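Contents: one structure, followed by commentary.
The values are calculated or read from the model by the stated rules, or taken from the named source; none is laboratory data. Remember, it's a predicted structure, so these values are computed and weren't measured experimentally. Please note: Cβ atoms are built from the backbone with ideal geometry, for glycine as well, and neighbour counts cover all protein chains shown. Heads up: the accessible areas ignore ligands, DNA and RNA and are worked out on the full protein's heavy atoms, side chains in. Shrake-Rupley method; radii C 1.70, N 1.55, O 1.52, S 1.80 Å.
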Amino acid sequence: MAGVLRKQLLDTSRGRIVTLLQEGALTADDIATRIGVTRSAVRSQITGMERDGLVRNVGKRPGTTRPSYVYELTPEVEQLLSKAYVPLLTQLVAVFAEALPTGKVERLLRRSGKALAIELSRGKRPAGTLKSRVAAASDMMNEYLGAVTHVEANGEIIIRGTGCPLAALTGKHRGVCLAMESFLSEIVGIDVRECCERSDRPRCCFEIRGHAQRRRPAATERRTGPPPRERE
């Protein structure tokens, strides 16, 4: 199914250009010849793809009358197209779960979630009210982690998702949800508790608990280096 969806997504003009550029850098003339369209049509697509951060100009190639610009995929797009991340991460978590006690695996995943939050926020927690910080945390999940979440506030504050960006793992390892729990706790500044659905179609759910709790120290007061090592 994943292969079929990927093929459908790439079976467009832009998609065909992306597929060609996965093989290496090309000029607009190279691309036009390979996919059987005019150079001007390719140039139009390339202009939009440059604007959207999908491709970048990496130099010029000498031509018979004038040099041609050479384009390649941006690193971000190459990462998105990789099929290796999910299988490797799944195996890593499985190996940890088999080799280590459950509590230690969960602590390691929590540390990973916190470290990810510090990296993505550049060590600076969002300012403002609790509600605005929760909204910022939800936006960060959506922008950087591929989630689709929204904030509900009806007596409780909850970040709820229509799906899960780590669905391949969350049904097997609750610790992955705990990693995201720690991620959000670090961003929001107070304790967050996961209430995720780990069914056939996992869905994110995080409750912001203890609204009256004292806010955690500001980012400038937090450790910015690597976390202390776990005791064996």
field: Extension reserve of the Thr12-Ala127 stretch, reckoned as 0.36 nm per residue once the Cα distance is removed
entry: 37.2 nm
Potential extension, Leu145-Ala84 segment - 0.36 nm per residue separation minus Cα distance: 20.3 nm
- request: Per DSSP H run of at least 4 residues, take -39500 (n - 2.57); add these up for the chain, divide by its residues and hand me the 222 nm value, nearest 500 deg cm²/dmol.
  value: -15000 deg cm²/dmol
field: Lysine pair count for the chain [Cα-Cα under 22 Å; pairs on different chains or 8 or more apart]
entry: 7
Correct option for percent of Cα pairs over 34 Å apart [calculated from the coordinates] among (i) 23; (ii) 7; (iii) 34: (iii)
query: Could you give the accessible area per residue of the chain, probe 1.4 Å, as a whole number in Å²?
result: 62 Å²
task: Give the carbon-plus-sulfur fraction of the accessible surface of region 1-140 in %, rounded to a whole number; probe 1.4 Å, heavy atoms of protein chains only.
output: 57 percent
query: Label points 7 Å out from Cα along the Cβ direction at Ile35 and Glu119: separation in nm?
result: 3.2 nm
Calculated FRET efficiency for the pair Arg61/Phe96, C-beta based, R₀ 41 Å, to 0.05: 0.30
- request: Averaging sequence separations of C-alpha pairs under 8 Å and six or more residues apart, then dividing by the length of the chain, give the relative contact order as a whole percent.
  value: 15 percent
- prompt: Using 7 Å Cα-to-Cβ label points, what is the Ser199/Arg43 separation (nm, one decimal)?
  reply: 5.4 nm
